[in-house]
Structures are given as structure tokens and as C-alpha cells.
Amino acid sequence: MKYRKKPVVIEAEQFSILQSSSDWSDFLKEAICAKSHNGFNGGLHIHTLEGLHDVRDGDFIIKGVKGEFYPCKPDIFEMTYEKV
């Protein structure tokens, strides 16, 4: 069997290590919980339904249909979503 993803409008924002945390939008502030422990990868951590996940430079942070957050690599994001 084959299935098609239902059209759903999501909120998302692309994370950049070049952006100062003081310039983060309310969306990013809500999604991001702590700076990366190893410090050298330019990433942060967010809580997802599956546990703690790294967010790397360029990743999109997506807010799902239940208000959950999760990271998405840019190439997957571009194949899956389009601006509305």
C-alpha cells in the first residue's frame, strides 16, 4: 500500500549559529532548551517526543501538529515542505 502525507501547515524556522541568542525569535526561544554540551559543533539541543535531539547549524526546527518540536535537515525540509 502507498500513502500520501496529509497537507498540514506547520511552523518552522531555520537555525543559524551566526544568530545571537539575544536575537532569537520567540519560536526559537520556545524550542531550544540548552546550549550544546560539547560546544564545538555549533549545535543546540531540543526536547522532542523521542527525547533530546541535537540541532545543527542550518537545521530547521519544526513545531508539529501537537505542539512538539523536532529538527529537520535542510535537504529533507526542502523536499517535504513549501512556503504558504
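All of the numbers you see were taken from the coordinates with simple rules; none came from a lab. Owing to the predicted nature of the structure, the values given are computational and were not obtained by experimental measurement. Here the Cβ positions follow ideal geometry from the backbone for every residue, glycine too, while neighbour counts run over all protein chains shown.
Exposure here means at most 14 other Cβ atoms within 10 Å; with GluC sites (Glu not before Pro) in a DSSP loop as sites, the longest stretch of the chain lacking them is 1-49. Enclosing the Cα atoms of the chain in their convex hull gives a volume equal to 126 cubic angstrom per residue.
Taking every alpha-carbon pair under 8 Å whose residues sit at least 6 apart, the chain reaches a relative contact order of 27 percent. Would you mind checking the pairs Lys5/Lys66; Lys6/Lys66; Lys5/Lys29; Lys29/Lys66; Lys6/Lys29 and listing those with alpha carbons more than 22 angstrom apart? The answer is Lys5/Lys29; Lys6/Lys29. Taking 7 Å steps out from each Cα toward its Cβ at Glu50 and Glu11 produces label points 2.3 nm apart.
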